[in-house]
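Below is one structure, written out as structure tokens, with a few remarks after it.
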């Protein structure tokens, strides 16, 4: 089974990295028309209380407007109907890994989670949250040296100051109307009016998360894993 094969390949790569925490991305949807490769990212934690290399991530519940935090093994993480059996492993520096691990073991994941899900949530609004946004906001809490991040508003304020830049997705009017009318997990009312009317949707994607972690951690490493390798 391909999910099991990719999970095993990922486990071997994680073991070889010597990391205790990494970011793990998958290609769940074909986002090539937006210039994106990966659709979803979570934290993979070596010493998770439930077992070795458990993925902690936010998931939308079957197309609804709600999300939940999950703790899943690698095989389950890749069990969804993926567009491509490919993974991206992003390993930050050891100090950042330690901070993320401490946060994952605390109540921070819950405090920084909003169950109101929106696939294209605005990067600097707390009305909704997408799965990649949860990862980013926890990353902010791990890196805010001069402040304690206690909620999403504080995390987003820190991200602005730290120079985070969302990805701008161009979404035509008819697509926006169709998404809002027919999909419970897509909304645009949290975006600035002028940007929304211009079809410029500023959201958090895997690419923007990876780009930001590369900005704040020059020693970060990235490994792409594919079944054909």
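The values are calculated or read from the model by the stated rules, or taken from the named source; none is laboratory data. These figures come from a predicted structure and were not determined experimentally. Don't worry about glycine lacking a Cβ; one is built from the backbone with ideal geometry, like all the others, and counts go over all protein chains shown.
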Task: Qualifying positions in segment 44-70 - assigned to a strand (DSSP E or B), in contact (Cβ under 8 Å) with a residue 24 or more places away in the chain and over 19 Å from residue 12 (Cβ atoms) - done: 56, 57, 58, 59, 60, 66, 67, 68, 69
TODO: Among the residues of segment 11-33, write down those that are surrounded by 14 or more Cβ atoms within 10 Å (Cβ to Cβ) and either in a helix (DSSP H, G or I) or out of contact with any strand residue (DSSP E or B) (no Cβ under 7 Å at 6 or more places or on another chain) (or both).
DONE: 11, 13, 14, 17, 29, 31
Open item on the list: I need a count of the residues in segment 93-119 that are under 19 Å from residue 160 (Cβ atoms), in contact with a strand residue (DSSP E or B) (Cβ under 6 Å, 6 or more places away or on another chain) and crowded, with 23+ Cβ neighbours inside 10 Å.
Closed with: 0
- [ ] Determine if segment 130-140 includes at least one residue that is more than 20 Å from residue 39 (Cβ to Cβ), in contact with a helix residue (DSSP H, G or I) (Cβ under 7 Å, 6 or more places away or on another chain), buried (at least 22 other Cβ atoms within 10 Å of the Cβ) and modelled with pLDDT of 95 or more.
- [x] yes
- [ ] Give the residues of segment 108-146 that are more than 23 Å from residue 195 (Cα to Cα) and in a loop (DSSP other than H, G, I, E, B), sorted by residue number.
- [x] 112, 113, 114, 115, 144, 145, 146
Open item on the list: Being farther than 21 Å from residue 166 by Cβ and touching a helix residue (DSSP H, G or I) at 6+ places or on another chain (Cβ under 9 Å) narrows it down to one residue among 41, 90, 55; which is it?
Closed with: 55
- [ ] Kindly check whether there is at least one residue in segment 61-71 that is surrounded by 15 or more Cβ atoms within 10 Å (Cβ to Cβ) and under 19 Å from residue 213 (Cβ atoms).
- [x] no
